[in-house]
1. Along the charge dipole of the protein assembly as shown, Cβ charges K/R +1 and D/E -1, which of B:Val144, B:Ile339, B:Ser448 sits furthest on the positive end?
2. Kindly rank B:698-707, B:609-618 from highest to lowest mean number of other beta carbons found within 10 Å of each residue.
3. Give me a single rounded figure for B:47-53: the average over its residues of other chain Cβ atoms within 10 Å of their Cβ.
4. Straight-line reach from A:Lys179: which aspartates and glutamates fall under 12 Å, measuring Cα to Cα and dropping same-chain residues less than 8 apart?
5. Which of the lysines could be linked to B:Lys128 by a straight reach, that is with a Cα gap under 29 Å, when you skip same-chain ones fewer than 8 residues away?
6. Of B:Lys562/B:Lys622; B:Lys355/B:Lys489; A:Lys168/B:Lys30; A:Lys138/B:Lys46; B:Lys31/B:Lys54, which pairs sit farther than 32 Å apart, going by alpha carbon to alpha carbon?
7. For a Förster distance of 51 Å, can you work out the FRET efficiency between the beta-carbons of B:Asn231 and B:Asp710, rounded to the nearest 0.05?
8. Once each part is reduced to its C-alpha centroid, what is the distance from region A:108-132 to region B:261-329 in angstrom?
Amino acid sequence: MPDSKNYLHPEAIRRIASMELRARNVVEGFLSGMHRSPYFGQSVEFVQHRQYVPGDDLRHIDWKVWGRQDRLYVKQYEEDTNLRCTLLVDASASMAYGRGPLSKFDYAATIAACMAYMSLRQQDSVGLTVFDQKIRTKLPWRTSRSHLQTIYKSLEQSPVTDKTDLTKVFREINDTYPKRSLMVIASDFLGSERETLKGLTALRSSGHDILVFHIMDDDELDFPFNDPTRFEGMETIDTLTCNPRALRDGYLESLQKFLDRVRHACASARIDYQLVRTSRPVDAALSAYLSARMAHMRKR
Amino acid sequence: MQFAYSPLAWGFLLVLVPLLIHLINLVRHKKTPWAAMEFLLESYRKNRRWVWLKQALLIASRMLAMALLVGMLAQWLTDSKMFAWMGRSSVHHYVILDDSASMQDSANNKSAYQNGLGAIASIASIAKQDSQSHLLSIFRASRVQIAARDSNPDAQLIDPSKPNDVRADSVADLLAQTIPSDPSSILTKINSTQPTGLEASVLDCLDVVSRLIQSSEDEKSIVYIMSDYRNKDWGNPITIRQRLQAIQSESVEIQLIDCVESRHENLTITSIEPRQEVLAAGVPTMVNVTVQNHGTTAASNVSVRVAAVDYSASTGEPKPSDRFSGIVTELPPVLIERIEPGESATRNVQVVFPKSGSHVVQAELPPDSIAADNQASCVLDIAEGIRVLLVDGDAGGKHSYFFESALDPGGNAKTGLLIQRERPEYLRDADAVALENYACIILQSIPSLDPRALANLHSYVSGGGGLALWFGDDISMNDYLRGYSAWAKPIPGATNSLPLIPFALSGPVELTKEPGDATPDVLAQTHPIFAPLLGLSNSPFQFVRIERYVAIDTKSETGAEKLWKPVASLRNRDPLMVDYPLGAGRVLIALTSLDRRWSNWPQDPTFVVAALKMVGYLSSFKLPETSRPTGTALRWDFSSQEMLPETRLVLPASSARGVRAQVQINATDVGENSLRADYGSSSDTLTSDAARALNSSGVFEWWGTSIQGDPKVKNSARNTPGVEGDTQRVTPTDLARTLSGVKFNYRSAMSGISDMTLAGLSNRNMLLLGLLVALLMAEQWLAWSASYHLPKRS
């Protein structure tokens, strides 16, 4: 039996070109490792029986059938939409960076695709917004399976070119999605820090539950450059020729302060914050998502 | 800035390498698109100055490290006092090699000079084993001494107590030469040298070395004086002690290296010269040979070989393959029965050269420890005849009869003298050049002389001529008192302020005789004129009667009262014959006359002897030198109307059977119709063989051609000074006493060098190494500090 964890590793993900297959593999692999299935409906309308598979919740076993046929079946209900999940994916030029298997955008898009897949299997409604300095793609909440294909297609075709302006984007999203929902934001937040944090706080103030995936490449976090390098800004026209080792400590110190400020701002606004390296398996992101979803459900 | 290995100084260009690498790295940078530019720029703004400073310091430290490394490898030398505290960067060995004739002193087929060369090789060998830089300078005493003499041609004015100003680079055999791993490569030249025949002192060398040491204060200096430490040089070396005291300092070490093991027996020919006689063709000439015993025991049956070399009988061409170009005639050896230690013995040899020419007489002793002083030569410039001028106050020449009879008797008796009689007016009318042709002038019974004649005679004598003055009846009392007073006064316009005669005359006086007094009328003093007549048991003048003589005015003041001395006295102790030096010549004043009313001496046989000796004596002051000390510059002056300017000089052979070297020399104009062929030790054309020959004893043959095409030869003899044969040595104890105040080490060249160590010398390179290590550590810290080292991967 193949190790399901293999599907979570960025190296493995990179080999799967289709976003659909990528999401299915990741999610199925992720879920197969859990002791308790996350799938359980909240509706009461019975649909069919299904043979028990390890991982199914024992509470859903139909004991009467077991008493008659001595076989384990679980009851399946037609689940109702119980969650509105909005996926916000940053497609600014800075998200194109990545010297590893996946660029930051690829990683963010994979996470978004996986979550869309999981959500729609749960009968949750999923919406998608791809943005840079303005909203480039906006898909409304839907629960239909066909919506999943639309999401995949949008993610696959989104260009990463322009600057980031989260203030404007968050204001527009706040206006577009008036109902409370779970907002999953995947971005590197490289832009105007002050405006970004202000926008996040505003979203949170509107009653949205917000889960932030702060996507950062290993290079950005470790700055492992040794040789003289000319750094050219991806969203600015700034360039800097330097010996990276001479500036490394100062860079890491500034970066760490930035991350601390973002983390602190998110904690202050009760926003779930996850710093994600593009070299790490995506299960961390999915676990964080499930925790956030559970918390959202409890609130309801 | 100086370096021991100068070519390695080009390595200083390597200091640019770190800078070039830095610049190349800046150009070769990689391009990377970067998202988190904000934080990178913030870091750059914050650290820009500090990073730049560290980077500049880092590059500077790497460049400096490179410079230090190259400086160490090239062995940086500096005379800057600022770096004196760093210690001595190198050791400079100054070797003063005594190459005087006494260094030929040999024992066991090895000379003292060779022992010195061996000591130099040992020093170089020891030095090369040391890790630090060692420089070697070698000076030979003869070269420096000759250069010092040439820099001051008037040798009489050289004061040994005053330092010379000889340039080291012009006289050094090696100057500040770095001792390589194979020292023999730099010692080849000095090892090919040989001791000279000169009397050389190390004084001039000490002057040169002293200046070198003063100009390089940062060096550790070791001065080696390799000599034979003879008593004549080191017995009371006040001047040497002053020189050594002048150079000694904390950084200067003085090593006295004795190249002779012990004193050896040695005989020396101290002189060989003809007697003061007439040198004329066919006239026998007596040559005196003096041998001195410089050993510690008496020498017995010393056989001196004598050879006469006749150049008139030669083919007229130089013969370089022979010892001499002339015909060599071995004379019977002279046997000296016994010579006590320190004593000399003189023997004479009779030689006869039938024809005129520049002939040579050479004497040679049996081989002993010092070969240079075993041979000596003299050159006899034999003329066909010696011209003698007789000036007679009598018109009939009656006073000259006796001299003419004695000096040119005719028949088979050949005196070599050519007599010419003239009247006193001749002296007035003749010019100085005409008088120069006469070997001597004899005046007889001259009443008075014209002032011009007096001036000519004064000039003639001052220039080396001989003048004999006899009186007679032709001179009146007035002439004695007034006419001759002009003789006793300085001659107006003459360069020599002395008068022609040293006293005024009082006039003729009768010599009284006491009855029964057996004292001879003439009492001869020791003088060359009477040399053959003295030493007899009875006075040879017992039959000579002096009836009248000219008394001198003892109260007269001429300024030359103390210069004359009596050659012969009368019975009453009044002077009869007086010898008076005037300039380069002599005046012999006979205070009587040959007239029979004055004396019967012409009838006595002693007169002939005395007359011939007198002429020989008076003419000897114009004779050229028969020999000179080794190393004296060679010169031949001749008339351009007689000779062509092209000459050839045949040098003595370096070995007994060697071929003699020849040098072509063109004479130069030195005046009207005068040419001079000059060949000195400082000549630019001097080859090593020629320089070696020039500093050796022997006969130098000048060959020229007369304008008629006939070959002419003129010989010059150069002999090793007799003092060089003195083997008496100074003991180390005496040396310590005479050199009190001078800190020195005394070693033997044969046994004392091998245990010599050069330890304890500090080295600037060690300090440079320390600086380099410290600098590299600082560079590492800077590089680490500037994050130029990769961080450890967590």
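Rule-based calculations on the coordinates, nothing more; no lab input. On a predicted model such as this, the values are computed, not experimentally measured, just so you know. With ideal geometry, Cβ positions are generated from the backbone for all residues, glycine too; neighbour counts draw on all protein chains shown.
1. B:Val144
2. With the highest mean Cβ count within 10 Å placed first, the list reads B:609-618, B:698-707.
3. Partner Cβ neighbours, averaged per residue: 3.
4. Here the aspartates and glutamates satisfying the reach criterion relative to A:Lys179 are A:Asp209.
5. B:Lys81, B:Lys110, B:Lys189, B:Lys220, B:Lys743
6. On the way: B:Lys562/B:Lys622 24 Å; B:Lys355/B:Lys489 43 Å; A:Lys168/B:Lys30 36 Å; A:Lys138/B:Lys46 41 Å; B:Lys31/B:Lys54 24 Å.
Violating the 32 Å Cα-Cα cut-off are B:Lys355/B:Lys489; A:Lys168/B:Lys30; A:Lys138/B:Lys46.
7. On the way: r = 51 Å, r/R0 = 1.00.
In this case the efficiency is close to 0.50.
8. If you average the Cα positions of each part, the centres end up 132 Å apart.
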